[in-house]
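Since every read-out is calculated from the coordinates, none of them should be taken as a lab result. Computed from a prediction, not measured in an experiment: that's the story for all the values here. Cβ placement follows ideal geometry from the backbone for every residue including glycine, while neighbour counts extend to all protein chains displayed.
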């Protein structure tokens, strides 16, 4: 009898402890916030545990996105219900490296990182549809910068016209402001800026030398017959292509008087331009246009703060 009594007590205790033959239905928590769930925990004989969180744009912060066991399941009282919620704040991620990638690759990469594609601006560059830069609301960002996950990324993309050759503009006699304006209008950039030692007012200093030189009457006479023929051939090809409505691209080097879109021109500035006369051509001491000794054979020039004597 004693043994039977012990067995009965043990069975009863086990049934009570494990809630034998008792069950509760799992409520559907999806669509309510975790804060709302906490405010009503007394209505459920269950234990709710957050085991995952993610960011889903357009969903309220803290809203329950998923749960396990699924709604309607019968479980024992006190069972743990695992829930997945939407993050309370937008997470930050590292900006992926997309510079030099193709536009299609960059677009797919932005999407995979939870980023949006914003304004796309094309710039003259030899690499067609290559990513040249990226920004957020006009502010440049670089690979590795921490940004909000749903940020809108603006892209600067090459238009493939970097091989297009245009005549080199003549900048002699222009101030820095005027030269900059003309170069920008021609889709070119300023390279090195070198000022004579006696220049005190850089704003009003004028260009007396540029590299590469403009093709004008002064240096046209220096062309060989072969270079002159090449120049004429180039002009004919560009004109024919233009009439057909196509963009002419050329990858040949050293065409006299022409430069690629996006390239730079180095400038030398002085207080005033001295135009040499015919009798001064051999006077290397007073001729500011005689600058062969100043320009290194390897093309190196001084930087923006360097001064040089012509």
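Let me know the shape class of the range 22-86, please: from the alpha-carbon gyration tensor, a ≥ b ≥ c as square roots of the eigenvalues, rounded when a/c is under 1.5, otherwise prolate if a/b is greater than b/c, or oblate. Cα axes put the range 22-86 in the prolate bin. Taking a virtual spin label 7 Å from the Cα of residue 54 along the C-beta vector, which residues in the range 83-118 bring their backbone nitrogen under 15 Å of it? The answer is 83-88, 91, 112-115, whose backbone nitrogens lie closer than 15 Å to the label point. Once you have the Cα-Cα distance between residue 73 and residue 211, take 0.36 nm times their residue separation minus that, and quote the gain in nm to one decimal. Residue separation times 0.36 nm, minus the Cα-Cα distance, leaves 41.7 nm. Ranked for footprinting exposure by Cβ neighbours inside 10 Å, fewest first, 202, 193 give 202, 193.
In the range 22-86, the DSSP beta bridges split such that about 50 percent are antiparallel, to the nearest 5.
At q = 0.19, 0.22, 0.27 Å⁻¹, what log₁₀ I(q)/I(0) does the range 92-159 have when each alpha carbon counts as one equal point scatterer in the Debye sum? After summing over all Cα pairs, the log10 values are -0.63, -0.85, -1.26. When 258, 82 are arranged by Cβ crowding within 10 Å, least crowded first, meaning fewest neighbours, the order is 82, 258. Exposure proxy shown here: for 196, 159, 189, the number of other Cβ atoms within 10 Å sets the order, fewest to most, as 189, 196, 159. Could you tell me whether the range 47-172 comes out rounded, prolate or oblate from its Cα gyration tensor? Rule is a ≥ b ≥ c as square roots of the eigenvalues, rounded for a/c under 1.5, then prolate if a/b exceeds b/c, otherwise oblate. Note, shape of the range 47-172 comes out prolate. One chain, two ends: residue 23 and residue 170. Fully extended at 0.36 nm per residue, the span grows by 43.9 nm beyond their Cα-Cα distance.
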